[in-house]
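One structure below.
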Amino acid sequence: MKISKLIAMVVGVVALTAVGYGLASWFMGKPDLAQLSTDAAANNENYAVGDRLPAGEAKKPAAFDPAFPELQWDDLMPADWDPMAAFRGLDIAELQDNDPKAQQALDTMRKAWNDAPVNPELAGKKVRIPGFAIPIEQSDKGVDELLLVPYFGACIHTPPPPANQIIHVKLSEPQPAVGAMQAYWIWGELTASKFSSELGDAAYLIKATGIQPYED
């Protein structure tokens, strides 16, 4: 599965901090990242960085509207798109301190992932998808907007995944207790819509009809 290989690649990219490139400056440049990381750790004791929610229905299934069938994260990536293309021919284990190939690889990856293509067949579809939430906008009544990502730690403990693996979610009503990296079901109409934030770029938008905590 593409997403499994993608997570493995992200973990490999994190190893580039050992040669002093890219990720250290990326993390230091995020204004509220330390607080988000603390919140994520406090709110979640059941997941480790890179963990995904099980495919298919949860063990404790809820009554969902059949008009919103479950969508798999892999389906968000076009079948002919290779998220690992930027790293072809690069052996991370062989990189030495101050090796310019490390920074070049990170720069190439970040550009390719920020511009990741969408699956045009999904535009306008009603979908339901589980993922981990990162609150980005909130009012006095609660969280209005969030990013939904496929694995624990994305955008907080690791660099952002490709844009086609980040969904910008606009909630129909503010939610008072959406914690960083808490797992949720989100459902609504999916559209291709570019959204940039300091935590990552999203290629999709869901104007959510509903949100519900995920229980495995």
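Okay, here's what the table says:
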quantity: Cross-link table K111/K207; K125/K170; K5/K170; K126/K194; K2/K125; K141/K170, entries beyond 24 Å C-alpha to C-alpha; calculated: K111/K207; K5/K170
quantity: Cα-based shape type of the stretch 101-193, given that a ≥ b ≥ c are square roots of the gyration tensor eigenvalues and the cut on a/c is 1.5; calculated: oblate
quantity: Heavy-atom SASA rank of H168, H157 (probe 1.4 Å, accessible area, largest first); calculated: H157, H168
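The values are calculated or read from the model by the stated rules, or taken from the named source; none is laboratory data. All of these numbers come straight from a predicted model, not from anything done at the bench. SASA here: full protein model, heavy atoms, side chains in, ligands and nucleic acids out. Shrake-Rupley method; radii C 1.70, N 1.55, O 1.52, S 1.80 Å.
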